[in-house]
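To start, the structure under review is shown below, and the notes come after it.
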Amino acid sequence: MAVSIKSAREIELMREAGRLLALVHEELGKSLRPGMSTLEIDILAERLIRGYDCIPNFLHYNGYPASVCVSVNEEVIHGIPSKKRIIQEGDIVSLDCGLIYKGYHSDAARTHMVGQVAPEVKKLVEETRNCFYEGIKMAKAGKHLHDISNAIDAYISQFGYGVVREFVGHGIGTKLHEDPQIPNYAQERRGMKLRPGMTLAIEPMINLGRADVEILDDDWTVVAADGLPSAHYENTILITEGEPEILTVLK
Ligand code: MF3
Ligand code: CO
């Protein structure tokens with residue numbers, strides 16, 4: 001499938017989808033506290049998304065049962081909200097959420113620290129965010145897709161972390177997952193040339209220990225095989241002639 005180039009009108013809709021998701025993430029982040037269940041986060045996420053007259057795009061996606069993925073500590077991605085899973089002081093909590101605004105999708109993830117977190121885990125969370133920003137330095141017209149992958153890997157590898165390989169970033173637009181796939185680890189080929197109007201979800205998933213992951217018996221939750229913490233950071237971005245526009249942060 002060819003990678004879609006969004007028109008000016010589509011870009012406006014993507015911007016609004018992104019802005020509303022940034023607002024949702026801000027509220028979700030503020031709501032986090034020890035003692036709450038991960039299901040409470042999902043209830044809030046769905047209420048916020050529908051309150052903006054948007055649709056939760058994760059809900060029922062390939063049978064996924066919630067509006068947000070809540071992945072705690074060694075959980076990498078796709079943690080299913082549950083009233084039995086209680087957030088504790090010292091946890092890191094990855095919230096991955098998305099919505100549809102007038103037919104256009106946005107997708108973003110943040111890893112939050114609840115209270116005091118071990119220093120090496122705090123560094124993992126911060127560097128996971130930083131490697132996203134290193135990657136998107138390459139996200140401009142004329143560069144190639146894998147310049148982004150290589151920049152993420154080159155930056156994050158200096159810390160000895162494990163870069164998750166089984167899951168990758170992706171194009172996004174009228175569907176949650178469009179071409180191309182965007183790995184977070186170095187590639188031999190340079191990949192396609194980036195063009196203005198491409199909208200991409202860049203999402204490094206970084207493990208404190210080894211890169212290997214496993215899927216739990218719920219068939220969704222992806223965990224670090226060695227049980228060490230994992231962080232996730234994702235934004236939907238727009239390729240322009242110059243600097244990329246990050247659609248899922250508040251300006
Ligand atoms: N945010 C995820 C991604 O980027 C999508 C979650 S899949 C779902 O691919 F099933 F949980 F929705
Ligand atoms: Co995504």
* Structure fact -> Taking Cα pairs closer than 8 Å and at least 6 residues apart, the relative contact order of region 1-141 in percent is 24 percent
* Structure fact -> Residue by residue through region 41-46, the couplings from Karplus 6.51 cos²θ - 1.76 cosθ + 1.60 with θ = phi - 60°, in Hz, x for Gly and Pro, are 5, 5, 4, 5, 4, 5
* What ³J(HN,Hα) values, in whole Hz, does the Karplus curve 6.51 cos²θ - 1.76 cosθ + 1.60 give for region 64-74 when θ = phi - 60°, with x put for Gly and Pro? -> 5, x, 9, 8, 9, 9, 10, 10, 9, 6, 6
* Residue-wise, which Karplus ³J(HN,Hα) couplings in Hz belong to region 22-31, taking 6.51 cos²θ - 1.76 cosθ + 1.60, θ = phi - 60°, and x for glycine or proline? -> 4, 5, 4, 4, 4, 5, 5, x, 5, 7
* Structure fact -> So, relative contact order of the chain in percent, Cα under 8 Å, 6 or more apart, is 23 percent
* To do: Starting from the amide H of Val117, placed 1.01 Å from N in the peptide plane, find each other amide H under 5 Å away whose residue is 5 or more places distant or on another chain.
  => none
* Structure fact -> Cα-Cα longer than 25 Å, checked against Lys6/Lys143; Lys6/Lys140; Lys6/Lys123; Lys102/Lys137; Lys122/Lys193; Lys83/Lys123, kept in input order, equals Lys6/Lys123; Lys102/Lys137; Lys122/Lys193; Lys83/Lys123
* Cβ-based exposure ranking for Thr199, Thr236, Thr221, Thr38, in which fewest neighbours within 10 Å come first -> Thr221, Thr38, Thr199, Thr236
* **Hull volume in cubic angstrom per residue (convex hull over the Cα atoms of the chain)** => 116 Å³
* Asked: How much length is gained on full extension from Ile215 to His177, taking 0.36 nm per residue of separation minus their Cα-Cα distance?
  -> 11.6 nm
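Any read-out appearing in this document is the output of simple, stated calculations on the displayed coordinates, not a laboratory observation. Keep in mind that this is a model prediction, so the values were computed, not measured. Positions of Cβ are backbone-derived with ideal geometry, glycine not excepted, and every protein chain shown enters the neighbour counts.
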